[in-house]
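Below is one structure, written out as structure tokens, with a few remarks after it.
Laboratory data are not the source of any read-out in this text; all were calculated from the coordinates shown. Only a predicted model underlies this, so the values are computations on that prediction, with no experimental measurement involved. Because the Cβ atoms are built from the backbone with ideal geometry, glycine has one as well, and the counts that use them run over all protein chains shown.
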Amino acid sequence: MTSAEQPTVPLAGDVRMPLLGFGTWQATGEAGYQAVLAALDAGYRHIDTATMYGNEAEVGRAIKESDLRREDIFVTTKLPPGRVGRERETIEASLRALDTDHVDLWLIHWPPSSPGDSLPVWRELLAARDEGLTRTVGVSNYSISQIDELIQATEEIPAVNQIRWSPSLYERQTHVAHRDRGVVLEGYSPFKTSDLSHPVLVRIAQAHNVSPAQVVLRWHIDHEIVVIPKSVTPDRIRANADVFGFSLTAEEMRDIDALGR
Ligand SMILES: NC(=O)c1ccc[n+]([C@@H]2O[C@H](COP(=O)([O-])OP(=O)(O)OC[C@H]3O[C@@H](n4cnc5c(N)ncnc54)[C@H](OP(=O)(O)O)[C@@H]3O)[C@@H](O)[C@H]2O)c1
């Protein structure tokens, strides 16, 4: 599948986000660089990094050294909680490390420890977007009520909320609450929070001649939930991207949803 055919979800501001991305937490140094290069080669067009991961320079180098155009790759980075009040300098450092003049999505990595800080930080993200340093802005690890506070105060909807998500964490009402507000749900740690030997996942994987890990990823995509598996293992990097040759039936989706109850 070419990048143009990869399923995407629309975000505010005429931006499209690939539903499959590549996670890079704990992928640092040479291993991180090699992993991102392998991911771009395997077809991922969306890379998830963060100031906290300490690998933006490796991500940037891999993007530069791939044969791809910057505009064909969706790049997310995140503002750590310890940088409250230093937002502008933090995104400038991210852009320098990534060797790019903008990212596609900038997230507040965690709600600031002092709840009163959330709104000023959000306003700084909006200012960075208005200046073109990032195409869209969103949050991570936010509850629905924390998101509502931002929307009520600024009438600006976070494009994305990146939270822990997997079949075992599935909650229909949480998904619906995001959708109702126009916030795209992005799941992280799809494998760390899954039992890949669960009989339901194994049965469905066998029916499609794929692995349970591929079923978990496809389940996110069929729900239109963004998913960002991480791996530094070339075979897994490739297999985790090879999820567009099958889709799950409505009954299989219901069976997997039921693992969350
Ligand atoms: N916003 C946040 O607060 C937050 C928090 C956590 C994560 N994230 C983001 O989400 C991404 C993904 O989450 P994660 O890294 O926590 O966990 P994950 O993607 O659920 O799991 C990664 C682990 O699964 C292994 N793995 C990869 N593919 C596999 C496969 N096909 N079968 C079996 N095992 C497999 C990896 O091993 P190898 O690498 O050894 O192959 C690694 O140990 C992160 O990298 C990061 O970008 C965000």
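Structure data summary
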quantity: Spin-label zone in region 98-118 - amide nitrogen under 13 Å from a point set 7 Å from the Cα of D67 along the C-beta vector; calculated: none
quantity: Size of charge dipole - region 103-261 - debye, nearest 20, with Cβ of Lys, Arg +1 and Asp, Glu -1, no other charges; calculated: 500
quantity: Mean separation of Cα contacts under 8 Å, 6 or more apart, over the residue count of region 1-141: relative contact order %; calculated: 20
quantity: Gain upon complete extension [S247, S168; 0.36 nm per residue less C-alpha separation]; calculated: 26.5 nm
quantity: Ranked by how many other beta carbons lie within 10 Å on average, peptides 180-190, 15-25 from highest; calculated: 15-25, 180-190
quantity: Positive-end residue, the chain charge dipole about Cα centroid, Cβ charges, pick of I73, V15, T193; calculated: T193
quantity: Ratio Rg/Rh, restricted to region 85-211 and using Cα atoms, in which Rh is the Kirkwood radius; calculated: 1.07
quantity: Beta bridge orientation in the chain: antiparallel %, DSSP, nearest 5; calculated: 15
quantity: Förster radius 45 Å - calculated FRET efficiency between A207 and S114 (Cβ-Cβ, nearest 0.05); calculated: 0.35
quantity: Cα-Cα separations in the chain greater than 30 Å, expressed as whole percent; calculated: 25
quantity: Sequence-separation-based contact order of region 145-261, relative, with Cα cut under 8 Å and 6+ spacing, percent; calculated: 28
